[in-house]
Amino acid sequence: MNKIETKSIAIGEIKQTPKNPKTHWVEKIVESIQEVGYVEPIVVDEDDMILAGHGRLKAMTEIGETEVDVVVRRGL
């Protein structure tokens with residue numbers, strides 16, 4: 001069974017997926033986070049590799065955050 005948990009992690013520990021095909025409008029993501037907050041966590045696997053949220057990671061880095069809450073999806 002796949003297990004899901006949440007944790008706080010230093011942004012520098014999150015690994016980007018090398019084959020991520022998407023490009024992101026980071027400025028709009030930054031504006032959204034500044035307006036409503038960080039409400040949709042980045043999703044990572046048990047090795048802290050991003051499964052979803054590359055744009056959010058870039059935006060949080062641009063904002064100057066050093067730590068974020070992530071959802072960890074194990075056992076994929």
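The values are calculated or read from the model by the stated rules, or taken from the named source; none is laboratory data. The structure displayed is predicted, hence computed values, not measured ones. Quick reminder, even Gly has a Cβ in these numbers, built from the backbone with ideal geometry, and neighbours come from all protein chains shown. Accessible surface is based on the protein model in full, side chains and every heavy atom, while ligands, DNA and RNA are left aside. Shrake-Rupley method; radii C 1.70, N 1.55, O 1.52, S 1.80 Å.
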With the full set of protein chains in place, find how many percent of the accessible area of the chain is carbon and sulfur; take the probe as 1.4 Å.
-> 50 percent
Is it possible to state the helix-based mean residue ellipticity at 222 nm for the chain, with each DSSP H run of 4+ residues giving -39500 (n - 2.57), the sum divided by total residues, to the nearest 500 deg cm²/dmol? What is it?
-> -8000 deg cm²/dmol
When all protein chains stay in place, what accessible area (Å², nearest 10, 1.4 Å probe) is found for ILE29?
-> 40 Å²
Just grab the label-to-label distance for ILE4 and GLU27, each label 7 Å out from Cα along the Cβ direction, in nm (one decimal).
-> 3.4 nm
Sequence-distant lysines (8 or more away, or on other chains) whose Cα lies within less than 28 Å of LYS3 = LYS15, LYS19, LYS22, LYS58
Listed residues LEU51, LEU57 arranged by accessible area, highest first, probe 1.4 Å | LEU51, LEU57
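Provide the percentage of antiparallel DSSP beta bridges, counting only those with both residues in the chain; round to the nearest 5. Kindly include the intermediate steps, with their values, before the conclusion.
Numbers: 10 of 15 bridges.
Beta bridges within the chain, antiparallel portion: roughly 65 percent.
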(i) 11.4, 32; (ii) 19.3, 72; (iii) 12.1, 38, with the label sought being that of the calculated Rg and Dmax of the Cα atoms in Å | (iii)
Sorted by accessible area with a 1.4 angstrom probe, largest first, how do LYS22, LYS15 fall?
-> LYS22, LYS15
